[in-house]
Structure formats: C-alpha cells, structure tokens
Amino acid sequence: MISIAGVTVGTALLIVVLSVFNGFFDLIKGMLLNHDPDIRIETTVGTGIALDGDRLAYLENHPEIKLISPFVEGKALIAHRGGSYKVGVIKGVDPEIFSQMVALDAYFPGGEFDLSLHNRMPGVLMGRMLMGQLGVDLGDQISLLSAQSIQRSLTQFSGPRTLSFDVRGSYRVDEMHDASIIYMDKAAAQRLFNMRSAVSGIDIKLHDHDRALSLVPELQRSMGDDVIVRSWYDLQKPLYDVMNLEKWGAYVILMIIVLVAVLNIVGSLTMIVIQKTRDIALLRSYGMKTNDIRNIFLKQGFYIGLIGCGLGGMLGLLLAWMQDAYGLVKLAGAESFIIDAYPVSIAAGDVALVLAGSMILCVLASWYPANRASKVDISEALRYE
C-alpha cells in the first residue's frame, strides 16, 4: 500500500504540473498569435520581395492558405513639432487584409484602422507608449525620415526627403510586442522606403493553424532562396524554447519523485523474497522453473505500478480538471495579470508519457527482487527443514 501510494502521488503530481506548464504555453501562444501570423515570408536581400505573378498565384491558390497579407517594414526617424525625435519601426499594410489577420479588438479599440488619405494626407496608427514619449496627440502630424532617404541625400548632395502623416489612432500592446511600431498604408510605406512595388514580406494565415510547422519546408522550396519562411514558433523561438525547456526540466526533476517512490517497491519486494525464501525453495523443489519464480515478483511489481499509475492518473486528471473549471489555486498578484488562477491544459501525449514512464520504473524496480528470488539455493534454504 505504501508503494502504491507513492506511485499514485508522484504520477498525479507530474500530470498536474505538466498540465499547468501546457496552460501557460497555450496562454502565451494565444496572446502572441493575436498579432503574429501562422507563417511569415521575409526577404533576405535589401531590395525586398518582388511579387511576380507566379509567386502570388502559388500562394493564392494553395489549398491550405486562407489569407495572405504583404507588408513593408523598415526603420525611420520620427520627428514631432521639431523638438522630439525617436527611431521607430514602420509597417505598411493593406488595412482591409490586415484587419482579418490580427485580432483588432485586442489592440485597436473599436476596431478602428483608418489609414486612408484625408485632404491628401495619409494616416498612421501609433502605440500609446510611443505617443507619450513623443508628446503626440490624436490629430497631430508627424514627419518620417527613412534611412534610404538619408543615404540618397548624401550620395546626391540634396536635402533628405521627409513625409508627413496624420496620427489617426492609437493602439495598446502587451510587453511581449514592440510598442514602437507605426502602422501606415502599404503604398505610403513603399514611397517612404523607395521600394516601388516590392514588399518586405508576406504574412500568411492558414485554414489549420497546426499545419504551420509542417508547411514551412514546402513553402521554402517553392518561394526560392531569396526569402526565408518562418512559422509562428520560429517568430518567437527563444520564448517558446525556454518554456519547453522549463516544462521538460520539471518533468525530469519530478520523475525523481516517482523514482524515490519506486524504491519502496524494491525494498518491499526484497523483504518478501527474504521472508518467503523457504517457500520459494519448496516451489523449486516441486519442479517450478526459475523463470516462473522470477515472473511472480515481476508481476507483483507490475500490478503495483498498474494500480498506482491508474489511481495517480485519475487523481491527476481530476485535480487538473478542477483547477481548469474552478480555479482552485490562485496566482499571487493576479490583480495585475490577465488571469487570476493557474491555467491548465491537459495534453493526452503528456499523460501517456507520465503513465508509461512510471510503469517502466515500477517494472524495472521489481527486476532486482525477482532476479534474487530466482537464484534462491534450494539445499541452503531447506537445510534445517
């Protein structure tokens, strides 16, 4: 019973902890995917991607691609009222397509995304933090100066060309996103960076988000070597890698708890072998084979593991479900976070891995006592009987 209890607690703990790690992973992933595409194609050369007919037709006709959103991206010097300067990231998009790519309600209040011309003046959207740093209010004008314009002015001995824009709206982002991005119409960004009809990259939304990682190699082969194709995982790879490392590091550490519980099986079965030495010798004298004796104790260890893993699996799943449904364990300082309790996401693969790992340890733990039982010397054990 002590051995079964140890395996039960260890198995349940593993399932709950891995489910919490999965919950945090899904939470962060969901937040990032409100803004990140399923797949992004970016240029590896400075001239941008030329959207020729073949490439565009391939992407538009691909059965797994739902939406494509070409964009222009680069850095520019932002000037306001002649006294405030700051370097920001400019992203030119097609407003109608972009509104279908990202969760507008999460970033742009009311879904406002007006980048059109008003009185021949194009509009931009700025992050609230950047607006505060520059002292910009809605309706103000800002001037943008690209690095290409500065370079051209130096080589042609002329003044740098600046473009003016109306600040039409603001957006809010979490700390995981760059708050210095300024959104404008794609055509205006192409003029700013002198890119003609080329684009910096293409964001892609799939019908099935889970197909992104497997689709990347195919798109890379089809699009050529002058571009790089990255999935949503690749776009935030350091963050996702750290979260996976933490999860599997916790799995290895917590498996040690199961290993300690499994040592009870070694001790209890070894004691049984010592207590039953005469009975084992008697069975051997009746003609029972060595393998049969070994299998008795192997089965006992297997049954301990089976019962412990079964109870632990049910207990772990029950606790994870209760946490997901009722939020039993609250987060410290939850008032400043987007959730108030530990998130939980149960993955069938993780549960199977935990149960399989615990069962293997239980069977391995019974091997030494079983092997010792099979080597009992009949004459020595029955000498004084």
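The values are calculated or read from the model by the stated rules, or taken from the named source; none is laboratory data. None of the values given here were measured: they were computed from a predicted structure. Cβ atoms come from the backbone with ideal geometry, glycine included; neighbour counts cover every protein chain shown.
Residue-wise test of (1) more than 24 Å from Ile4 (Cα to Cα); (2) free of Cβ contacts under 8 Å to residues at least 24 places away in the same chain; (3) surrounded by fewer than 15 Cβ atoms within 10 Å (Cβ to Cβ); (4) out of contact with any helix residue (DSSP H, G or I) (no Cβ under 7 Å at 6 or more places or on another chain).
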residue: Asp279; (1), (2), (3), (4): yes, yes, yes, yes
residue: Gly287; (1), (2), (3), (4): yes, yes, yes, yes
residue: Lys299; (1), (2), (3), (4): no, yes, yes, yes
residue: Gly305; (1), (2), (3), (4): no, no, no, no
residue: Gly308; (1), (2), (3), (4): no, no, no, no
residue: Ala325; (1), (2), (3), (4): yes, yes, yes, yes
residue: Ile346; (1), (2), (3), (4): no, no, no, no
residue: Gly349; (1), (2), (3), (4): no, yes, yes, yes
residue: Ser358; (1), (2), (3), (4): no, no, no, no
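Looking only at region 140-173, which residues are farther than 24 Å from Met195 by Cβ and at pLDDT 85 or above?
Scanning region 140-173 gives a single hit, Asp140.
Can you pull out the residues in region 184-215 that are touching a residue at least 24 places away in the same chain (Cβ under 8 Å) and farther than 23 Å from Thr47 by Cβ?
Those that are touching a residue at least 24 places away in the same chain (Cβ under 8 Å) and farther than 23 Å from Thr47 by Cβ: Lys205, Leu206, His207, Asp208, His209, Arg211, Ala212, Leu215.
For every residue, the table says whether it meets (1) over 27 Å from Phe302 (Cβ atoms); (2) more than 16 Å from the chain's Cα centre (by Cα); (3) among the small types (Gly, Ala, Ser).
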residue	(1), (2), (3)
Ser200	yes, yes, yes
His207	yes, yes, no
Met223	yes, yes, no
Val258	no, yes, no
Asn264	no, yes, no
Leu269	no, yes, no
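For residues in region 96-112 being out of contact with any Pro (no Cβ under 8 Å at 6 or more places or on another chain) and crowded, with 17+ Cβ neighbours inside 10 Å, which is modelled with the highest pLDDT?
Phe98
Whether any residue in region 217-240 is surrounded by 15 or more Cβ atoms within 10 Å (Cβ to Cβ) and closer than 20 Å to Val7 by Cβ is what I want to check.
Scanning region 217-240, I find no residue that is surrounded by 15 or more Cβ atoms within 10 Å (Cβ to Cβ) and closer than 20 Å to Val7 by Cβ, so the answer is no.
If Ile293 meets every condition in (1) within 17 Å of Gly357 (Cα to Cα); (2) among the hydrophobic types (A, V, I, L, M, F, W, C); (3) buried (at least 16 other Cβ atoms within 10 Å of the Cβ) apart from one, which number is that one?
It fails just one condition, (1).
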